[in-house]
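Here the structure comes first, spelled out in structure tokens, and everything after it is commentary.
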Amino acid sequence: SPFRFDLQEIGSSKRLPAVQWMLSLTESRSPSTEFRLFPSGSTADVHIARDSFIQVQHVESEYWLHGGDVVSATAAAASATADDSPQSLMSSQHFSPKRLRKGSAQDKKRAAHIQSSTQGLSCFSLVGSEICYHEDTFKILKSDPNEVREILLLLSSLKHLNLYLANLKSPSAIHFDSVRSILVKLLLFLVPGMPRDADPFTYNGFPDLNRQQLLREHHFIEIISDLTTEPFRSDGGGWTLDDLDKERRKVQFYTKRSSTSAFARPPSEDTRLLEEGVSPLPGAKFHFDLTSEPVLLNHSGEFGSTQNRFTPRPTVERKTHPILEIASVCKLCYRLLLHMVKDNTQNEIIAANYLDRFVHHVGAGLGAVDMLSHLLKTNQQLIESLSLESIQVFIDLIKTHGKQARFVRFLRALCSCQGVGVPANQEKLCQLLFSENSSNDILIPTRIVEESKLQIQGQDGEWFDTVDFFSSSQQSLTAYFLALIDLFADMCLGRNYVCIDKILRLFPREVLYVCITEQSLSRAARSSFCHLLVTVHVDTDPQVVVPRPNFTRVWNENLSVDTP
């Protein structure tokens, strides 16, 4: 009897080196999804029980499923694009005779995705054959219920996320709360230890390696890349990052007008949410009469008191703009992508293909900075591949958004990888930072006065001693200055004399000694100055590394050494 089911790849297992396949019933009436199951060694129409051995025939083409050898995923994807070989089921969406005989352009594109996302895995190739070989016998096994639930969760999420992408041009048809709920569920699925009441925009956990692999095999990295970029494409949502900035300013204006309400949130909280790219009032409705004077209330709610609280008259209703809703969705996407690439080299390689897309979102308040910083800090090849134009984008962010320490920390991630300097990026940064067009907007002016004391210029152009500068109320500027010191230290890693010659003039040895020995400075500040001293003045010529003999011997290590 014919059965209708979809053949879907569910990934490799620790028990089986080959790729497993899940057979799920489908409501599709397409002949390409219809198969017959025959008991091994018999063509009679008998009952097929679980754990029995069967042979599978495609009804429309009358081809039999033929299993090949266990090969690498890369070789399987490459063979799927060959025109003179049977078409592998790994790269075909429908089991039709045309696809069995010759790979189409769409199949080749899908095979390329498989080749990039399954590096290092073993695959069991499945092709169609006109001859039923005796060894083409398969066993019916019951899937693990937990594994089935995980697969169904991902397939259902993919369906809703693709629907969200299709409706970007008509945002009124999008239920943004449902999209955010799906992304939060995926984050809870990826990070098992995440509390359900945790803030998904800020929580950092330890993702499950197997679930990272499962998301990769279902191409969630590609989907998330589309979720973050399609709204800002002309053929997608049609919005721009400038539109997002304008709507945030409007929300900030209305928030300031409503900050005098008795039930208003503290203004500092609204400012924090705006800086994170989240509307302070997600899904909220504004009810303010902006043309009327505020009405004074007393403690009992009666009119005529001088109590310093106001209430606006509820007349106008203002809904959250779709671009602000999209911004919150993008921020959740970057949080999900951050946990997908964390401690997973294969996912990092795939995400690196979309680096140019993510770079343009740095500074837009979408959460791209944290994800890119984590992606770059452990991948030296990716860091070295950055061009001068890409680094210039990060320099321009400081000019546009002001002197913020988070942008400098990102530049620091470009200079080194796991404590090792990247000379190409160090010299590019040195060229950009100390150019005449950028130095005034990026650097904080310093000067040396008597007795090798360092003075730093504040926001108003006033000069401060080091202790007075760090004890002043300019906390954001002091954090930015420390981030610059750490950046200068990393630019000199590996004895990069192009950078050392520039920074040596700003921070001589005696000046750094005074800063390190100043007891009034915090330990974090003194540590940054000490790190700069080591990379600029200590780890340079003529100092050389002197190997120190090891006079301690471990008995087990001596036994492991082969002696003649």
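The values are calculated or read from the model by the stated rules, or taken from the named source; none is laboratory data. Being a predicted model, the structure only gives us computed values, none of them experimental. For neighbour counting, all protein chains shown are included, and Cβ atoms are generated from backbone atoms with ideal geometry for every residue, glycine included. With ligands, DNA and RNA removed, areas are computed over all heavy atoms of the protein, side chains included. Shrake-Rupley method; radii C 1.70, N 1.55, O 1.52, S 1.80 Å.
If the condition is being under 18 Å from LEU443 (Cβ atoms) and of a type in the set (Ser, Thr, Tyr), then the range 507-534 contributes only SER528. Go through the range 416-470 and give me each residue that's open to solvent by less than 60 Å² (accessible area, probe 1.4 Å) and among the charged types (D, E, K, R). If the condition is that a residue be open to solvent by less than 60 Å² (accessible area, probe 1.4 Å) and among the charged types (D, E, K, R), then LYS428 is the only one that fits.
When the residues of the range 373-384 are filtered to those that are in a helix (DSSP H, G or I) and out of contact with any strand residue (DSSP E or B) (no Cβ under 6 Å at 6 or more places or on another chain), the one that is surrounded by the fewest Cβ atoms within 10 Å (Cβ to Cβ) is GLN381. Every condition in (1) part of a helix (DSSP H, G or I); (2) open to solvent by less than 60 Å² (accessible area, probe 1.4 Å); (3) at pLDDT 85 or above holds for TRP239 except the one numbered (1). Listed by first and then second residue, the pairs with beta-carbon distance under 8 Å, at least 6 apart or on different chains, first residue in the range 233-251 and more than 11 Å from LEU324 (Cα to Cα), second open to solvent by less than 30 Å² (accessible area, probe 1.4 Å) and polar (S, T, N, Q), are GLY236/THR229.
Applying the selection to the range 127-147, what residues are under 17 Å from ASP51 (Cβ atoms) and in a helix (DSSP H, G or I)?
Within the range 127-147, PRO145 is the sole residue that qualifies.
Of all the residues in the range 520-535, those that are without any contact (Cβ under 8 Å) to a residue 12 or more places away in the chain and over 15 Å from LEU454 (Cα atoms) number 2. Close Cβ contacts (under 7 Å, 6 or more residues apart or on different chains) running from residues in the range 424-450 that are under 17 Å from HIS401 (Cα atoms) to residues that are of a type in the set (Ser, Thr, Tyr) and exposed (fewer than 14 other Cβ atoms within 10 Å of the Cβ) comprise LEU433/SER439. Scanning the range 194-212 for residues that are of a type in the set (S, T, N, Q) and open to solvent by 40 Å² or more (accessible area, probe 1.4 Å) yields THR202, ASN204, ASN210. Using the structure shown, decide if ASP370 is at pLDDT 85 or above and either farther than 16 Å from ASP226 by Cα or open to solvent by 10 Å² or more (accessible area, probe 1.4 Å) (or both). So ASP370 fails the test.
Among the conditions (1) modelled with pLDDT of 85 or more; (2) touching a strand residue (DSSP E or B) at 6+ places or on another chain (Cβ under 7 Å); (3) part of a loop (DSSP other than H, G, I, E, B), the only one that ILE151 does not satisfy is (3). Right, PHE481: in contact (Cβ under 8 Å) with a residue 40 or more places away in the chain and surrounded by 15 or more Cβ atoms within 10 Å (Cβ to Cβ) or not? So PHE481 does not fit the description; no.
Only one of the numbered conditions (1) open to solvent by 30 Å² or more (accessible area, probe 1.4 Å); (2) touching a Gly at 6+ places or on another chain (Cβ under 6 Å); (3) not basic (Lys, Arg) is not met by SER387, and that is (2). Determine, yes or no, whether THR540 is touching a helix residue (DSSP H, G or I) at 6+ places or on another chain (Cβ under 7 Å), under 23 Å from ARG409 (Cα atoms) and either open to solvent by 70 Å² or more (accessible area, probe 1.4 Å) or of a type outside the set (Gly, Ala, Ser) (or both). So THR540 fails the test. When GLY421 is tested against (1) in contact with a Gly (Cβ under 6 Å, 6 or more places away or on another chain); (2) more than 15 Å from GLU384 (Cβ to Cβ), only condition (2) is not met.
Can you tell me which residue among ASP490, ASP541 is among the acidic types (Asp, Glu), touching a strand residue (DSSP E or B) at 6+ places or on another chain (Cβ under 7 Å) and not in a strand (DSSP E or B)? Break it down stepwise before answering.
Numbers: ASP541 fails: touching a strand residue (DSSP E or B) at 6+ places or on another chain (Cβ under 7 Å).
Every option except ASP490 fails the conditions.
A Cβ distance below 8 Å, combined with a sequence gap of six or more or placement on separate chains, defines the contacts here; from the range 146-162, residues that are within 23 Å of ILE174 (Cβ to Cβ) reach residues that are among the β-branched types (Val, Ile, Thr) and part of a helix (DSSP H, G or I) in the pairs SER157/ILE182; LEU158/ILE223; HIS160/VAL179; HIS160/ILE182; LEU161/VAL179; LEU161/ILE182; LEU161/ILE223; ASN162/ILE223.
Residues that are open to solvent by less than 40 Å² (accessible area, probe 1.4 Å) and closer than 17 Å to ILE485 by Cα were ranked within the range 400-415; the one that is modelled with the lowest pLDDT is PHE410.
So, of the residues in the range 154-191 that are basic (Lys, Arg) and in a helix (DSSP H, G or I), which turns out to be nearest to LEU332 (Cα to Cα)? It comes out as ARG180.
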